[in-house]
Amino acid sequence: MRIDILTIFPEMFDSVLSSSILGRAREKGLLDVVCTDIRPFSESKHKNTDDYPFGGGAGMVMLAQPIADALKAVSGDGARKIYLGPRGKTLTTAYARELAKEEHLVLLCGHYEGVDQRVLDSCVDEEVSIGDYILTGGELAAMVLTDCVARFIPGVLGSEESPEEESFSDGLLEYPQYTRPRVWRDMEVPQELLSGNHARIAWWRRAQSLLATLAYRPDLLEKAELNKNDLRFLRGVEACFCED
Ligand code: ADE
């Protein structure tokens, strides 16, 4: 997959894209990410990328021209062009999985008070938000989207790390994890995990996922993929704690 990122701060991406799993995916050629500075595309004398808003008000608005030209330069045919902004559709696991099927994404990072609406209307396919809060710019959101999407590209996670076994993949939160030592500050690793009995471990983990979701995000249970045993387990928990 190729991801082009258009930004006025390309240097912000250096360490994120060259470290850890994203760095490894790029080295392996599974992911090609290119950050392009919007500023050189500006036709103004001083290479401005923003101007005062029509109608007055605080802050500056990013100019349409440099963005349109930068988008044209990197997009080619078939690229899915995304503007990162708080108005957009919220990024979820399902959305990231869908984006991971694309061959080419172009991510546009806005700044200041926003971007001239005309370039968004005419040159961008969709807007994506990473949550209901306002960031100082779209760069951090583009990093989050890139990281989240990359995990679904086949081969990016090692064979033992599966994106399907994590929180939200089946709509549930993840079970707790433990590593050595067996006892740390008088706290023991749950016996079930030391049993060596795979069925028992799987049952324990599923129960823990259900309990964590019930405790922290009960809203997720409405849409989660639950089987008969899950429902029986949850009814049992309910019966224990909700006695009249
Ligand atoms: N830019 C500013 N805030 C943002 C958000 N919440 N999501 C995506 N891009 C943004």
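Results, tabulated for the structure shown:
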quantity: Charge context of Ala64, other residues only, Cβ under 9 angstrom, K/R +1, D/E -1; calculated: 0
quantity: Euclidean distance between Cα centres, segment 126-158 to segment 23-63, Å; calculated: 17
quantity: The chain, relative contact order in percent, only Cα pairs under 8 angstrom and at least six apart counted; calculated: 18
quantity: Segment 107-244 - percent relative contact order, Cα under 8 Å, separation 6 or more; calculated: 18
quantity: Cα-based Rg and Dmax for segment 44-169, where Dmax is the largest Cα-Cα distance (Å); calculated: 16.4, 56
quantity: C-alpha long axis of helix 198-216 to longest principal axis of the chain, angle in °; calculated: 60
quantity: Restraint check, Lys81/Lys228; Lys47/Lys81; Lys45/Lys89; Lys28/Lys101, Cα-Cα greater than 30 Å; calculated: Lys81/Lys228; Lys45/Lys89
quantity: Restricting segment 149-238 to GluC sites (Glu not before Pro) in coil, as DSSP defines it, with at most 11 other Cβ within 10 Å; calculated: Glu160, Glu161, Glu225
quantity: Using distinct alpha-carbon pairs, which all enter the 1/r mean, Kirkwood radius of segment 183-243 in Å; calculated: 13.2
quantity: Mean Cβ count within 10 Å, highest first, over the residues of peptides 44-53, 195-204; calculated: 44-53, 195-204
quantity: Calculated Rg and Dmax of the chain using C-alpha coordinates, Å; calculated: 22.9, 76
quantity: Segment 10-66: Rg to Rh, with Rh as the Kirkwood radius over Cα pairs; calculated: 1.20
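No lab work stands behind these numbers, since they all come straight from the coordinates. Please read these numbers as outputs of a predicted model, since none were measured by experiment. Every residue, glycine as well, gets a Cβ built from its backbone with ideal geometry; the counts of neighbours run over all protein chains shown.
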